[in-house]
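The values are calculated or read from the model by the stated rules, or taken from the named source; none is laboratory data. It should be emphasised that the depicted structure is a prediction, and the values quoted were computed from it without experimental measurement. Cβ placement follows ideal geometry from the backbone for every residue including glycine, while neighbour counts extend to all protein chains displayed.
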Amino acid sequence: MSIAQNLSNAMVLASTYILIAIGLTMVYGVLKVLHIAHAGVYASGAFIGLIAFNFAREFFTPLLEDARLASNLSFWFSLPIAMLVAGVMGVLIYLLVYRYTWGKSPTISLVASVGLFTLIQDLLQKPFLLGPRQQPYPAGGAGMPRIETPWFTLTPTQVLILVVTLVLLAIVYFILNRTRIGLGWQAAALDPEMAAAVGVNVTRVILLNFFIGSMLAGAAGVLVGVYDNMVFATMGDVPSYKAFVVVVLGGLGSVAGTIVAGIVLAIAETFMVAFAGSLMPRDAIAFLVLILLLMFRPRGLLGRA
Amino acid sequence: MKKLLTLAFLVVLTALIVSCATPTPTPVPPTKAPEPTKAPAQPTAAPQPTKAPEPTKAPAALDGAALLQERCSTCHNLDRVKSATKSKDQWTATVERMISKGAKLNDAEKSALIEYLAKTYGAAAAPAEPIKIGFFSPLTGPTAADGQSALNAAKLAVKFINDAGGVNGRKLELINYDDAGKPDQAASVARKLIESDKVVAAISGAYSGPTRAAAPVFQQAGVVMLSAYAIHPDITKTGDKIFRIGTLATIQGRVGAELVAKNLKAKKVAILTIDNDFGVSLTAGFKEQAAKLGLEIVFEQKYPFGEKDFRPIIEKMKPLNPDAVYATGYFAEAAQLVAQAKDAGLKAQIVGQEGYDSPQFIKLAGANAEGVIITTDLNRDSKEAMTQKFLTEYKKAYNEDADMVGASAFDAVQVLAYALKQGTTTDAIQKAILGLKNFKDCATGPFLYYDASRELVRPVSSQIVKNGKFTFYAEFTDPKLIAP
């Protein structure tokens, strides 16, 4: 019972890690920038989702006269809106910041990114946006079923997270591997100058890159907000560094590696907490796993030599 | 066009950055008090009167205002007089000095003028210099919600006191800063309050970590500090200038064990400890009393601040079948814990403490909060007039329900104001607080007394969440239990 339950819980946790980290991997893949502000996009996504959800719920509830149904509908309304706004935010971040720092010393981009992250967080904490308090995001399972097996139980919210993550990952896989722009992305990740020389529109690739990556971060924000029933301005704090553990663990710039690393990390954390107890906090575990792995595979799990 | 748009974006972005950069922790704007007077005021190079008015021409009734207008303004303008605040003795000294400088006044006129000055610009009539008290709490960072509650409530208390005439006729002025929930920032804020704001006493509306860092700074400077709701034992151990409002963590832990063993009649208990000063000291008190009462501790684990995933811990705890879970933590962690415990089908009664005591807990945990029992300082069903006044006025002023953190900060201001009435020196404040008995002018009272270790002794309340509200569950008054 316990092991299967812990595993299924870990998979849900992994889903959220993966969604946040893929955007980072994609940005690093092309720009070689450590995009800390990505965690700000994640928190903003949760915030936009929450606003859209509350707005839609007020609209739907009297219309449908069924609070449950209205709440479910509102969630499916809020998710794409949050993703869209997060995507646009990512594009703006590139246009306003990284476009100017790209090609200069990576330190400049890093410092700009840290500043941007702080800015986004402090703005979110202003009373006219999210304020200093945690806000509930009571979407529950958004109509998903509860799955009970003899070995483990998945709550509706957990099912929701797994389903949304799988669908989004499938879409990203398709875009990256089966479309022209995706092939362009792969080319640009290998060598932007060469890609440009053979006719890849690198700017377009980068914009799409930020758009998709930030959309996933927005989706992650919404899902985590619903999972914890809690959205708050500083929710990006932990992901701002933990997502990097996932990215480095997976091999910088490797999308498949990021997925594997997200799962490895979530499982390691869950079982360390479950079996080693109070030995160390889970964030320390993440870095322990990272250090151990880098000792044996300096380029990460699926990193290219 | 494209460039123009980019430019416009940059301008907006800069504006946003600037708006963010303006420090949040602006001190409460002090209502500009009249210039403090350095008595006796030194007239700067007062010219000798050229036209000495004839004393005989004085009005028959000897009108002080007219005298002032007529005689004093011949040499200097009257703003200096009007901005001063002096007692009768001080005015006598001033007028005599003026006469020695050549002001023409006969005895009758002199006493009429002094009488008038003392009445109009006397210490009692003019608003005196406000008493500055310092305040710090986290207004940014993950604990900002509590810091804001504490600040709101402290401001409310200051407003109550000033509306009722202040402290011996002097207004209270709250000077507050943001400690961002960080110990190092709390220590530097403490220095700022002492050195540049020159506060007479201070209140910590912060968590245990920052409060512990600030306490030695106040102690060394000889400034009294009251800890509103930070309950780590070491805070008051810093020295004789440091007092506490909230119930000492070890006492609250003890009461928790009493509640689990006697009220819930539980045998097996699991303990979850948030890994910081607050949680560790609560658990220490709980275990001490649990041992005395013969409670069996079947499970114990620590978790980090800000934890959101209790699922692995719950999975581990469930097969041990505890009757109760004593879980220390704050409302955000607690909301996760109770929801996940319910999802996992954990049957044990969850017992929390004052960290849960916030409307935020019920808002975030929703239906999962039902039936959770906590120990706390704020008894919302108390019959005490001040408790009810605080709860209503807080809701009216800030449009949200008050919490324990706010109530404690409110009480810190109330206790300090009470002490300041006996005197504004550190010695007088210390003596007054130590002498406090059965104090009811507070939201979390009654306060029975302060013991020699500067801990407040008072009944500890316990609340249960029913129909989405904290309601009375039990009160613990056993002197052996609630005294440090």
### Task
State whether one or more residues within the stretch B:135-152 are of a type outside the set (A, V, I, L, M, F, W, C), farther than 30 Å from A:Val238 by Cβ and either assigned by TED's automatic domain parsing to the domain that holds B:Asp79 or at pLDDT 90 or above (or both).
no
### Options B:Lys267, B:Lys198; residue that is more than 27 Å from B:Leu337 (Cβ to Cβ) and of a type in the set (D, E, K, R)
B:Lys198
## Note on the structure
In the set B:Phe278, B:Phe331, the lone residue that is within 11 Å of another protein chain (Cβ to nearest Cβ), modelled with pLDDT under 95 and within 20 Å of B:Leu378 (Cα to Cα) is B:Phe331
### Query
Quick check, is A:Ser240 touching a Phe, Trp or Tyr at 6+ places or on another chain (Cβ under 8 Å) and either hydroxyl-bearing (Ser, Thr, Tyr) or away from chain B (no Cβ under 14 Å) (or both)?
yes
### Task
Would you mind stating whether B:Tyr418 is more than 14 Å from chain A (Cβ to nearest Cβ), under 16 Å from the mean Cα position of the chain (by Cα) and surrounded by fewer than 24 Cβ atoms within 10 Å (Cβ to Cβ)?
yes
### Query
How many residues are under 17 Å from A:Leu162 (Cβ atoms) and within 14 Å of chain B (Cβ to nearest Cβ) when one looks only at the stretch A:205-220?
1
### Query
Taking only pairs six or more apart or across chains, which ones have beta-carbon atoms under 8 Å, a first residue in the stretch B:137-148 that is more than 7 Å from chain A (Cβ to nearest Cβ) and of a type in the set (D, E, K, R), and a second residue that is buried (at least 23 other Cβ atoms within 10 Å of the Cβ) and part of a helix (DSSP H, G or I)?
B:Asp146/B:Val405
### Summary
Across (1) closer than 21 Å to A:Ile48 by Cβ; (2) within 21 Å of the chain's Cα centre (by Cα); (3) not basic (Lys, Arg), A:Pro132 clears everything bar (2)
### Task
Mind listing whichever residues of the stretch B:127-149 are among the small types (Gly, Ala, Ser) and more than 21 Å from A:Thr118 (Cα to Cα)?
B:Ala128, B:Gly134, B:Ser149
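This table checks each residue for (1) buried (at least 23 other Cβ atoms within 10 Å of the Cβ); (2) more than 27 Å from B:Arg311 (Cα to Cα); (3) at pLDDT 95 or above.
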site: A:Ser8; (1), (2), (3): no, no, no
site: A:Ile22; (1), (2), (3): yes, no, no
site: A:Glu65; (1), (2), (3): no, yes, no
site: A:Val111; (1), (2), (3): no, yes, no
### Task
For the stretch B:343-364, name all the residues that are among the small types (Gly, Ala, Ser) and more than 13 Å from chain A (Cβ to nearest Cβ).
B:Ala348, B:Gly352, B:Gly355
### Query
What about B:Phe410, is it assigned by TED's automatic domain parsing to the domain that holds B:Leu264 and either part of a helix (DSSP H, G or I) or within 30 Å of B:Pro130 (Cα to Cα) (or both)?
no
### Task
Quick one: which residue in B:Ala385, B:Ala367 is within 11 Å of chain A (Cβ to nearest Cβ), among the aliphatic types (A, V, I, L, M) and surrounded by fewer than 22 Cβ atoms within 10 Å (Cβ to Cβ)?
B:Ala367
### Task
Would you mind telling me which numbered condition in (1) crowded, with 17+ Cβ neighbours inside 10 Å; (2) away from chain A (no Cβ under 14 Å) B:Asn106 fails?
(1)
#### Entry: Long-range neighbours under 7 Å by Cβ, at least six apart or interchain, first residue free of Cβ contacts under 8 Å to residues at least 40 places away in the same chain within the stretch B:194-222, second of a type in the set (Ser, Thr, Tyr) and not in a helix (DSSP H, G or I)
B:Thr211/B:Ser204; B:Thr211/B:Ser227; B:Ala215/B:Thr238; B:Pro216/B:Thr238; B:Gln219/B:Thr238
### Query
What pairs come up if the first residue lies in the stretch B:77-92 and is in contact (Cβ under 8 Å) with a residue 40 or more places away in the chain, the second is exposed (fewer than 14 other Cβ atoms within 10 Å of the Cβ) and assigned to a loop (DSSP other than H, G, I, E, B), and their beta carbons are under 6 Å apart, counting only those six or more places apart or on different chains?
B:Ser83/B:Glu35
### Query
Under the condition of being of a type outside the set (Val, Ile, Thr) and away from chain B (no Cβ under 12 Å), which residue from the stretch A:140-150 is nearest to B:Glu315 (Cα to Cα)?
A:Pro150
### Summary
Checking A:Ala37, A:Ala86 in turn, the sole residue that is touching a residue at least 60 places away in the same chain (Cβ under 8 Å), within 13 Å of chain B (Cβ to nearest Cβ) and out of contact with any His (no Cβ under 9 Å at 6 or more places or on another chain) turns out to be A:Ala37
### Query
Scanning the stretch B:289-337 for residues that are basic (Lys, Arg) and under 22 Å from B:Glu354 (Cα atoms), which turns out surrounded by the most Cβ atoms within 10 Å (Cβ to Cβ)?
B:Lys302
### Candidates B:Ala230, B:Ala266 - the one that is under 15 Å from the mean Cα position of the chain (by Cα) and modelled with pLDDT under 95
B:Ala230
## Note on the structure
Taking the stretch A:246-292 and the residues there that are farther than 26 Å from A:Asn177 by Cβ and away from chain B (no Cβ under 11 Å), the one that is surrounded by the most Cβ atoms within 10 Å (Cβ to Cβ) would be A:Ala286
### Query
For the stretch A:86-125, what are the residues that are in contact with a helix residue (DSSP H, G or I) (Cβ under 8 Å, 6 or more places away or on another chain) and assigned to a loop (DSSP other than H, G, I, E, B)?
A:Trp102, A:Gln125
